[in-house]
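Q: Please read through the structure below; I'll follow up with questions.
Each reported figure results from applying straightforward, stated rules to the coordinates on display, with no laboratory input. Because the structure is predicted, anything quoted here is derived from the model rather than measured. Cβ placement follows ideal geometry from the backbone for every residue including glycine, while neighbour counts extend to all protein chains displayed.
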């Protein structure tokens, strides 16, 4: 059974891409990228799953969870906001203009040339390159806040 989203109270089947696409404007709902390339120039409001050697270039904004598996790759030169899961054999690269914010489970490869901020877990490799850095939170009453 295919996954689905609930958007404005309506059940909507998630979108699966198997051919190269460019997203302009705003898309609400989940997208699975399988063995092709998706360029997000606009905004994705929903989960993103990249599999089977797929590649996603986030030039705009991704708002939702991101799962990268099956020797796939995500490159962030815009903003990626939400939890990120990197499986073994896959990688996420945050370019100098990129911002990756949210919880991270890294069992693959994370390269930070821009900025990452959020909770971190996993046994994967994290590499800081060029001017890349990990943003420290502001803590108030035991709560961590990331000011972007």
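Q: Using the structure shown, decide if residue 89 is closer than 20 Å to residue 121 by Cα and not in a strand (DSSP E or B).
A: Spelling it out, residue 89 is indeed closer than 20 Å to residue 121 by Cα and not in a strand (DSSP E or B).
Q: Looking only at segment 85-106, which residues are surrounded by fewer than 18 Cβ atoms within 10 Å (Cβ to Cβ) and within 13 Å of residue 68 (Cβ to Cβ)?
A: Passing the criteria: 88, 89, 105.
Q: So, in segment 95-105, of the ones that are over 14 Å from residue 128 (Cα atoms) and in a strand (DSSP E or B), which residue ends up farthest from the chain's Cα centre (by Cα)?
A: Checked segment 95-105; the qualifying residue farthest from the chain's Cα centre (by Cα) is 105.
Q: Still on this structure, please answer the following. Would you pick out the residues in segment 126-144 that are more than 20 Å from residue 94 (Cβ to Cβ) and not in a loop (DSSP other than H, G, I, E, B)?
A: Start the filter on segment 126-144 by keeping residues that are more than 20 Å from residue 94 (Cβ to Cβ), which leaves 138-143.
138, 139, 140, 143, listed by residue number.
Q: Just to be sure I understand the filter: pairs with C-beta atoms under 7 Å, separated by 6 or more residues or on different chains, first member in segment 129-145 and without any contact (Cβ under 8 Å) to a residue 24 or more places away in the chain, second member loosely packed, with under 10 Cβ neighbours inside 10 Å and assigned to a loop (DSSP other than H, G, I, E, B). Which pairs pass?
A: Here the result reads 138/147, each pair linking segment 129-145 to a residue that is loosely packed, with under 10 Cβ neighbours inside 10 Å and assigned to a loop (DSSP other than H, G, I, E, B).
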